[in-house]
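S.K.: One structure is given below, represented as structure tokens, and several questions about it will come after.
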Number of protein chains: 2
Amino acid sequence: MILKRITSKDNAYLKLARSLLQKKYRQQHGAFIIEGIRLAEEAIAAVLPLRFVLVTEAAALSPRGRQVVAACLERGVPCFETEEPLLAQISDTQHSQGLLLAADCPLPLAQRERIPADGCLLILDRLADPGNVGSVIRSAYAAGIGAVLLNAGCADIYNPKTVRSAMGALFKLPVLSLADEQILSLLRQQRRRIAVSAAEGEDLFQCQCLRAPLAWVLGAEATGASDFWRRQADWLLGLPMTVGAESLNVAAAAAVIVYESRRRGLMV
Amino acid sequence: MILKRITSKDNAYLKLARSLLQKKYRQQHGAFIIEGIRLAEEAIAAVLPLRFVLVTEAAALSPRGRQVVAACLERGVPCFETEEPLLAQISDTQHSQGLLLAADCPLPLAQRERIPADGCLLILDRLADPGNVGSVIRSAYAAGIGAVLLNAGCADIYNPKTVRSAMGALFKLPVLSLADEQILSLLRQQRRRIAVSAAEGEDLFQCQCLRAPLAWVLGAEATGASDFWRRQADWLLGLPMTVGAESLNVAAAAAVIVYESRRRGLMV
């Protein structure tokens, strides 16, 4: 297997890949970066449309790297060998694994059609940290949430940190960004109840009211859910806490909430 | 309020503070760094023994910064004003908040005496990422876990990233590092049952067996709990997952586990 080599940092593929670290260019090109062997394997298994592959010689010779490259070549995806220092300029991590894919961002309309009508959705309201957003998507998918909808103030879905901490869940679950009003109109159309996570809310574990179809709203790290979503809430619910404990990390709270919803049989 | 000024990077306090970014020197000096206004407020509220304070002029003039400095001066803690670039060398974050405390690491023996005999403990088995360790400590405290015990392969409790993501829980909950055998002997002495989190374990939500006094063991990010802890397990329990979902972030799994334990009334 002999790959074409890229040796100049001015190569068009390298330049495109570097630009995809910025949201503006991800939107312009409709593409994003997937980094590392494991995520690449997940992207291939999920049959994500791929644009091109950049790999170091060492990664291409490793057993798993070789399989990734072979699978991509078989699908006609252009694969290029390049040098570690050139790849490191694109990598969002301190230690690049020497393998990087550029993939198409799924089309919002196609994602929207995949949103189930029953079960439980998760709405993220101005969750600004991409690592948190990714971790929430990962937990949501594991628990059986049907889709994750992000409003305008959230971190970008295709930020490399979101992609990495979602660990493949992003390739399987419908995840899309919409305006608050669009989200609300979808929820109304689906006749969903709305539960808003709020520190001052009723104890989640005491509340016997929750039923599907349901939408959970999780608010911003520092300030919680906005007035817009609080006004729409059928219930304000919070996690009980030890006296003296101030708050939970939002990704931790999300995990508890989606699994409590699963335990109650609210997932499809 | 006029503070002594530090202007040289070779000042002994600055050098000591810089050295505390490394575990070796934290152990040598028995001290660690607390960064940012909010954590400083929590440290003061928890009456943590403090060694000294470094603050920029801007932070010392802010309302909350002024209160922190006043509270420290009142307790006889030396406070120094220094310049942002000097403080940035010690900061573990990209944007230092201009305020940094050096505090005594609590003595392991004193921590050990605070471990409750009933309720639920959490054992971390080779959890390597300091952000995860901190987040787990934060969730554990919020849910009502009585103490968190870390074995030898874990991230350092006083790593600045652990301190930051624990968000004050570290100042309130007994958290200490012990060898596996020491932990086990403590659990035996307290006649605790041992539940080990394992992907292949029985469904946590189905299991009706759990009862206090209990110890939960959470294993390493990639490989799960060690054979040592699996052999000690009264139960291997896991979170149910959607088909296709591979795993949860360990901090997310920890949050679900400690809150399910709380829901079942296993906390003190």
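The values are calculated or read from the model by the stated rules, or taken from the named source; none is laboratory data. This structure is a prediction, so every number in the text was calculated from the model and none was measured. So basically every Cβ, Gly included, is an ideal-geometry build from the backbone, and we count neighbours across all protein chains shown.
S.K.: Small (Gly, Ala, Ser), outside any loop (DSSP other than H, G, I, E, B) and either within 14 Å of chain A (Cβ to nearest Cβ) or over 30 Å from A:Pro240 (Cα atoms) (or both), is that true of B:Gly146?
M.R.: no
S.K.: Being within 14 Å of A:Gln190 (Cα to Cα) and out of contact with any Ser or Thr (no Cβ under 8 Å at 6 or more places or on another chain) is the filter here; which residues of segment A:94-121 pass it?
M.R.: Across segment A:94-121, the qualifying residues are A:Arg112, A:Glu113, A:Arg114, A:Ile115, A:Pro116, A:Ala117, A:Asp118, A:Gly119, A:Leu121.
S.K.: Of all residues in segment A:213-225, how many are crowded, with 18+ Cβ neighbours inside 10 Å and not in a strand (DSSP E or B)?
M.R.: 3
S.K.: Scan segment A:106-129 for residues that are more than 14 Å from every other protein chain (Cβ to nearest Cβ) and buried (at least 19 other Cβ atoms within 10 Å of the Cβ) and report the count.
M.R.: Matching residues across segment A:106-129 total 8.
S.K.: Still on this model: Which condition number in (1) assigned to a loop (DSSP other than H, G, I, E, B); (2) in contact (Cβ under 8 Å) with a residue 24 or more places away in the chain; (3) within 28 Å of B:Lys24 (Cβ to Cβ); (4) within 14 Å of chain A (Cβ to nearest Cβ) is the one that B:Ile157 fails?
M.R.: That leaves (4) as the condition not met.
S.K.: Would you please name the residue that is farthest from B:Cys105 (Cα to Cα), looking only at residues in segment B:146-201 that are surrounded by fewer than 23 Cβ atoms within 10 Å (Cβ to Cβ), within 20 Å of the chain's Cα centre (by Cα) and of a type in the set (Ser, Thr, Tyr)?
M.R.: Top of the filtered list is B:Ser165.
S.K.: Of everything in segment B:244-268, what is facing chain A (nearest Cβ under 10 Å) and in a helix (DSSP H, G or I)? Give them in sequence order.
M.R.: B:Ala251, B:Ala252, B:Ala253, B:Ala254, B:Ala255, B:Val256, B:Ile257, B:Val258, B:Tyr259, B:Glu260, B:Arg262, B:Arg263
S.K.: Does B:Arg75 satisfy the criteria of being over 12 Å from the mean Cα position of the chain (by Cα) and in contact (Cβ under 8 Å) with a residue 40 or more places away in the chain?
M.R.: no
S.K.: So for segment A:229-243 (the condition being surrounded by fewer than 19 Cβ atoms within 10 Å (Cβ to Cβ), touching a Lys or Arg at 6+ places or on another chain (Cβ under 6 Å) and either at pLDDT below 95 or more than 14 Å from every other protein chain (Cβ to nearest Cβ) (or both)), does at least one residue qualify?
M.R.: yes
S.K.: Residue by residue through segment A:244-268, note down the ones that are surrounded by fewer than 21 Cβ atoms within 10 Å (Cβ to Cβ), at pLDDT 95 or above and among the small types (Gly, Ala, Ser).
M.R.: Residue satisfying the conditions is A:Gly265 alone.
S.K.: Oh, and also: Taking segment A:1-15 as the region of interest, how many residues are surrounded by fewer than 16 Cβ atoms within 10 Å (Cβ to Cβ) and touching a Phe, Trp or Tyr at 6+ places or on another chain (Cβ under 8 Å)?
M.R.: 2
S.K.: Going residue by residue through segment A:16-34, is there one that turns out to be hydrophobic (A, V, I, L, M, F, W, C), free of Cβ contacts under 8 Å to residues at least 60 places away in the same chain and surrounded by fewer than 20 Cβ atoms within 10 Å (Cβ to Cβ)?
M.R.: Within segment A:16-34 (the criterion being hydrophobic (A, V, I, L, M, F, W, C), free of Cβ contacts under 8 Å to residues at least 60 places away in the same chain and surrounded by fewer than 20 Cβ atoms within 10 Å (Cβ to Cβ)), the answer is no, since none of the residues qualifies.
S.K.: Right, something else. Which residue is nearest to B:Ser261 (Cα to Cα), if the candidates are limited to segment B:130-143 and must be surrounded by 23 or more Cβ atoms within 10 Å (Cβ to Cβ) and of a type in the set (Gly, Ala, Ser)?
M.R.: B:Ala143
S.K.: Closer than 13 Å to A:Leu122 by Cβ, touching a Lys or Arg at 6+ places or on another chain (Cβ under 9 Å) and more than 14 Å from chain B (Cβ to nearest Cβ): is that true of A:Ala225 in this structure?
M.R.: Spelling it out, A:Ala225 is indeed closer than 13 Å to A:Leu122 by Cβ, touching a Lys or Arg at 6+ places or on another chain (Cβ under 9 Å) and more than 14 Å from chain B (Cβ to nearest Cβ).
S.K.: Let me ask something else about it. When you scan segment B:211-268, how many residues do you find that are farther than 28 Å from A:Val47 by Cβ and hydroxyl-bearing (Ser, Thr, Tyr)?
M.R.: So the answer is 4.
S.K.: Just wondering, is there one or more residues in segment A:183-199 that are within 14 Å of another protein chain (Cβ to nearest Cβ) and touching a residue at least 60 places away in the same chain (Cβ under 8 Å)?
M.R.: yes
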